[in-house]
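Only one structure is covered here, and it is reproduced in the block below.
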Amino acid sequence: MFLLLLKGPPVYLAKHKGNISSVLQKSVIGEPHLWLESLQEWQNLQKQVSKEAILQGQREVEKRKSEGCPFVSKTKVCKHDTTVKDNFAQYDQTAREAPAQSKNMSSKEVNTARSPTFSSDNDNTVSFRVSCRCSGGNAKKTTAQEVGRIIGLLLSKQFGWKPNLQRPVLEVFVHLNDMYSVVGFPILRQPLAYRSYIQNTGLRSTTAWAMVTLAEIGHASYLGADISDSQLTHALANMKKAGISDSVAFLKGSVLNIPVLSGSIDVVISDIPFGKKFKCSKDMKELLPDIIREMERVLRIGGVIVLLLSQNLHYNLKKNVYFKSVQTTEVSHEKEALLKCKDESIHLKKGCVHHDFQSLVYVESHPVSLGVTEAVMFKCKKI
């Protein structure tokens with residue numbers, strides 16, 4: 001979970017290190033006051049996180065005691081809480097001392113340095129580290145480590161922050177790819193997948209949340225289906241641990257033969273298998289049209305389908321599958337590409353199979369990063 005500082009267009013890096021530094025200064029560092037304001041907001045969130053961590057530790061202790069465990073180890077909880085509180089105390093001390101120093105500054109200096117991080121005392125500076133990820137074209141020109149090093153130098157020079165790779169107060173996350181650039185501050189010390197009620201990890205929780213939001217799901221009853229016994233067992237364990245077993249039911253079945261009645265589902269969400277971790281023995285490009293057709297069958301009129309696809313699958317979908325035309329005066333570039341597929345199909349090689357879904361209308365699609373893999377969230381609606 002991140003506090004988003006910057007999301008913008010892709011940053012194109014040059015091979016020369018001097019040019020990379022100037023590009024990152026302009027595109028990533030940008031306006032210093034945004035960093036300072038985000039740092040203040042991050043500080044406020046850390047107060048809430050610290051309090052919640054203490055309360056959660058107390059609840060776990062009480063729960064174990066009530067379950068008849070006389071010997072409760074507090075070492076792990078206390079260590080985590082101490083780390084959060086110690087790091088925050090370091091930042092909070094800096095925040096209290098900064099106003100006294102800023103009184104002697106000119107108005108211009110105050111506007112650009114209104115942060116405790118500008119203290120000349122190294123003991124009071126905010127310690128930080130940069131976690132950088134590069135993919136696409138930038139990964140061919142330089143390494144993520146080199147980009148992270150340059151950004152770290154720029155931040156130290158701009159704000160007086162002190163690099164600390166072992167126990168930083170603040171972590172700066174930077175992701176550069178061919179679609180966008182993102183900078184943020186992680187709010188939690190551990191990934192969301194480490195939450196206590198997640199017994200078995202699967203799709204990234206942030207990606208799952210984005211898919212549910214795109215599907216516009218309100219109050220509903222949920223039905224999960226999978227062909228794998230192990231996946232169903234893991235899902236049941238997660239639901240039980242989270243205490244929501246009553247609102248979720250599971251069925252064993254294939255996505256090519258969903259075991260529900262036609263026209264009985266309002267929303268279908270699916271993470272189509274791709275990549276090295278989750279893959280199918282058959283060619284997913286050939287199976288995808290049949291998968292969508294089965295989803296179309298179980299969907300009610302007005303219902304929506306949201307799919308997580310690899311970039312290759314998404315490209316193949318646009319190339320070989322067309323949906324009913326959208327009657328609108330403002331059509332996005334991607335919609336235009338989909339609507340033109342039918343007209344352009346006559347120019348394709350003979351024998352190429354195309355699929356027509358007259359009851360499905362393309363709505364929108366959004367790129368999403370899954371780490372080293374780039375994917376696309378695709379949405380269509382049944383009319």
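The values are calculated or read from the model by the stated rules, or taken from the named source; none is laboratory data. Keep in mind it's a predicted model, so treat the numbers as computed, not measured. Note: ideal-geometry Cβ built from the backbone for every residue, glycine included; neighbour counts use all protein chains shown. Note: accessible area is taken over every heavy atom of the protein model, side chains too, but ligands, DNA and RNA are not part of it. Shrake-Rupley method; radii C 1.70, N 1.55, O 1.52, S 1.80 Å.
Per residue, how many Å² of accessible area does region 146-269 show with a 1.4 Å probe? Working shown, then result.
On the way: 7130 Å² over 124 residues.
On a per-residue basis, region 146-269 sits at 57 Å².
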Using a Förster distance of 25 Å, the FRET efficiency for residue 143-residue 311 (Cβ separation, nearest 0.05): 0.65
Table column - 3J(HN,Hα) (Hz), region 220-234, Karplus curve with 6.51, -1.76, 1.60, x for Gly and Pro: 7, 9, 10, 10, x, 9, 7, 7, 8, 5, 5, 5, 5, 4, 5
In Hz, Karplus ³J(HN,Hα) per residue of region 267-274 (6.51, -1.76, 1.60; θ = phi - 60°; x = Gly, Pro): 9, 10, 10, 8, 9, 5, x, 6
5 angstrom amide H check on residue 222, placed H, neighbours 5+ away: 249
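How would 175, 16 rank on accessible area, largest to smallest, probe 1.4 Å?
Working: 175 10, 16 120 Å².
Correct descending sequence by accessible area is 16, 175.
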Per-residue ³J(HN,Hα) for region 242-259, Karplus 6.51 cos²θ - 1.76 cosθ + 1.60, θ = phi - 60°, Hz, x for Gly and Pro: 7, x, 10, 4, 5, 9, 10, 10, 10, 10, 8, x, 8, 5, 8, 8, 5, x
Across 285/381; 141/318; 252/318; 240/381; 141/319, pairs whose alpha-carbon gap is larger than 24 Å: 141/318; 252/318; 240/381; 141/319
Exposure rank, largest accessible area first [309, 165; 1.4 Å]: 165, 309
Amide H contacts under 5 Å for residue 253, placed H, 5+ residues apart: 226, 227
Area of residue 173 that stays accessible when all protein chains are in place (1.4 Å probe, Å², to 10): 40
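Test of understanding: what is the full-extension gain from residue 157 to residue 366, defined as 0.36 nm times their sequence separation minus their Cα-Cα distance?
71.6 nm
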For region 196-253 versus region 5-53, the gap between their alpha-carbon centres in whole angstrom: 33
